[in-house]
C-alpha cells in the first residue's frame, strides 16, 4: 500500500511540476503603479503595459535554437533601427536582469511630428531565447515615468530557478 501512496504522490508532484512549467510566460516582470497590463495582446508580444499618457513597455520572446549571441542580436537591432526606422542610437549600456543575466540596453531617439521620442530596448539571451524588452514614448513622458520604467526594467527575470530545473524546466521554464 505504501508503494501506491508514493506513486500517487510522485504522480501528483510530476503533474504539478510539469503544469507549472508548461504554461505562462518564460520570464517574469512586475507592472509598476501608474501602468496597467494589457490583455490579449498582438501575438508578437508576451507582455504589454501602458501608462495613461502613452508610455508603453512590452516584452517579446524570440526562440533562438542556438542562433546568435548577445553581441549578434545587439548589432542586429542597432542596424535595424538605424537603417529601417531612422532612429538615432543615443547610448548603449551594459545591464543585468534581476536574476543576473547579462544584457544590453540600447537607447534610441527620433522626432515624429515635431516631437522628440525616446525608445529603450533591453536584450537578454537565456533559455535558448532572445528576450526583447521595449519601452517608448515622448521624451517628456519618458522622463516623467523614468522611475516607474526603471523599476519595471529592474524587475525582469529571464532565467529559470525552479527546484526542477534543469530536468523538467530546461528550455520552457514557464513557471511564472
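The values are calculated or read from the model by the stated rules, or taken from the named source; none is laboratory data. Because the structure is predicted, anything quoted here is derived from the model rather than measured. Every residue, glycine among them, receives a Cβ derived from its backbone with ideal geometry; neighbour counts consider all protein chains shown.
Out of all the residues in region 9-18, is one or more out of contact with any helix residue (DSSP H, G or I) (no Cβ under 6 Å at 6 or more places or on another chain), assigned to a loop (DSSP other than H, G, I, E, B) and either surrounded by 11 or more Cβ atoms within 10 Å (Cβ to Cβ) or modelled with pLDDT of 90 or more (or both)?
Here is the first cut: in region 9-18, the ones out of contact with any helix residue (DSSP H, G or I) (no Cβ under 6 Å at 6 or more places or on another chain) are 9-18.
With the extra rule that they be assigned to a loop (DSSP other than H, G, I, E, B), the set shrinks to none.
There is no residue in region 9-18 that is out of contact with any helix residue (DSSP H, G or I) (no Cβ under 6 Å at 6 or more places or on another chain), assigned to a loop (DSSP other than H, G, I, E, B) and either surrounded by 11 or more Cβ atoms within 10 Å (Cβ to Cβ) or modelled with pLDDT of 90 or more (or both).
If we keep just the residues of region 94-127 that are exposed (fewer than 15 other Cβ atoms within 10 Å of the Cβ) and outside any strand (DSSP E or B), which is modelled with the highest pLDDT?
Looking at the filtered set, the residue picked out is 100.
What is the number of the single condition among (1) in a strand (DSSP E or B); (2) surrounded by 19 or more Cβ atoms within 10 Å (Cβ to Cβ) that residue 149 does not meet?
(1) is the only condition that residue 149 fails.
Within region 36-69, which residues are outside any strand (DSSP E or B) and surrounded by 17 or more Cβ atoms within 10 Å (Cβ to Cβ)? Steps first, please.
Taking region 36-69 and keeping what is outside any strand (DSSP E or B), we get 38-46, 51-55, 64-69.
If the condition is that a residue be outside any strand (DSSP E or B) and surrounded by 17 or more Cβ atoms within 10 Å (Cβ to Cβ), then 46, 51, 55 are the ones that fit.
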